[in-house]
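One structure is given here, and the rest of the page talks about it.
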Amino acid sequence: MTAVVVIVGRPNVGKSTLFNRLTNSDRALVDDQPGVTRDRIAGEIRHGQQRCLLVDTGGLGHAAAEDPALAERVTAHSLQAVHEADLVLWLVDGRTGPTVEEQELAGQLRPLGERLRLVVNKTEGTDSELACAEFYQLGVGEPLAVSAQRGSGIPRLLDTLFSTLPAADSAAADADRPGELSIAVLGRPNAGKSTLINRLLGEERMLTFDRPGTTRDSIDAQLERDGRRYTLIDTAGVRRRSQVSEALEKISVIRTLKAIDSADLVILVVDAHTGITEQDAHLLGMAVDRGKAIIIAINKWDGLGPDQRQQVQAQLDQRLVFADYARVHFISALHGSGVGEMFASAAHIGELFDMPLNTALLTSCMERALEAHQPPLVRGRRIKLRYAHLGGRRPLRVIVHGNQVEHLPHHYKRYLARSLREQLQLEGMPLLLEFKQGE
Ligand code: GDP
Ligand code: GDP
């Protein structure tokens, strides 16, 4: 599974700046909507062939701040993330020296041992050794000097980071897995995840299979149907619950993130009685950010009156703006209604991942979109888009080559992505568009 790195530190030391610097990539997520602000808690760091996920605990706090009931648990939440992370970067301000709180925090973080790296920020224009000197007294090992803003020290930080991480995935792990679909079933406690998973596993037409290489203690469920292999990724220990009880009720951000990252499809189970909560929106945001296919299963539909059903519908339209490609199914995991249709959607998504998408097809789809709406003029010259080809399948990435692509306005990129999605009939699937200058 993907390694997760967590950034901690007091406010204003530069955590978001470092986060942006480290996750900086040329990959433009076209589904991004300006004006829709939501928490980005995780990003991807790529370094050569290696990759990992980066979580800003400031992001965790921000998410919680919207929900007063959650706010109290922020610190606990961050600490939980710290303990589950593969590596923790503790960021401090090189221009102020260690504060009293930081001396206290040192005591809490020291037990992390090798999993902790102290990073001294804002060291541009100063003697970095001198800036670091004061921080040795925190007793958490050798500090690393960087400037998140200017970028100095970042290559060294990346080298250290990836040499410490346990067998970090290679970026090549996005490889094709034809005929296979990994599904993460997510949702709040009591939404009906176990009931749904048990129903899926219990259907007689499904055969569980042993995947070569799966470890004995792996509790991911494997099943096969119509020649396609499905892996249900264990998230909050749904199937483990009989052994380990309440402790797992808490949603673990890191474990959830890892599950989302290794899934092709996320099924978000929502209790129709509670509707889509802040936490659900948060989970959806993570899935959208990671470019995952999404099915939203509005569960317990059986117990709802017509008024309540209308309310849920209205709320869906409102809350799902940023995940507009998601497929929605109204189901009863308990009685089984709607579950067959939902699974058919999942199977269809599996087929979409494997569909032949050659350059000729993608280019002709692009040309049809261009005919319907020309790209705008830039200083009297029309932006030319020449051809489109497949950049990757999981998630689906299409690369468009052309001239002056850096001037393409956001709304046009969105139009193009939407048009391609419609032409290719990508239901439930996101499509990431990247633009490259020249041939
Ligand atoms: P956070 O609260 O820890 O997330 O901190 P921010 O990333 O929001 O940064 C706080 C302030 O420090 C901002 O004004 C940043 O521009 C500034 N900052 C961040 N990194 C650096 C740096 O490397 N050098 C300097 N001089 N300022 C920085
Ligand atoms: P989990 O915590 O998300 O795994 O939720 P569970 O699967 O344990 O379900 C929580 C409760 O909701 C249990 O009492 C289930 O019987 C009930 N439940 C699950 N699905 C449905 C449904 O479709 N309709 C109704 N009425 N109850 C359901």
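Readers should treat all values here as calculations from the given coordinates under stated rules, not as data from a laboratory. Bear in mind the structure is a predicted one, so any value in this text is a computation, not a measurement. Heads up, the Cβs are rebuilt from the backbone with ideal geometry, glycines too, and the neighbour counts pull from every protein chain shown.
Brief remarks on what is shown
- Computed over the range 318-439, the alpha-carbon pair-distance distribution with 10 angstrom bins reads 12, 39, 28, 14, 6, 1, 0, each value a whole percent.
- Derived scalar couplings ³J(HN,Hα) [the range 334-340; Karplus, 6.51 cos²θ - 1.76 cosθ + 1.60; whole Hz; x for Gly, Pro]: 5, 9, x, 5, x, 5, x
- Sorted by Cβ density within 10 Å, fewest first, the residues Trp90, Trp301: Trp301, Trp90
- Whichever lysines have a C-alpha closer than 16 Å to that of Lys436, once near sequence neighbours (fewer than 8 apart) are set aside: Lys384, Lys413
- Rg [Å, one decimal], Dmax [Å, integer] - the range 367-435, C-alpha atoms: 12.0, 38
- 14 Å reach of a label modelled at Ser364, 7 Å along Cα-to-Cβ, counting backbone N of the range 382-403: 388
- The alpha carbons of the range 258-300 occupy a box of 29, 17, 14 Å along the principal axes, longest dimension given first.
- Packing, as the average of other Cβ atoms within 10 Å across residues, places the peptides 100-109, 114-123 in the order 114-123, 100-109, highest first.
- When the Cα convex hull of the range 240-365 is projected onto planes of every orientation, the mean area is 10.0 nm².
- Summary of the geometry: the range 364-420 and the range 97-113, compared by the centres of their Cα atoms, lie 50 Å apart.
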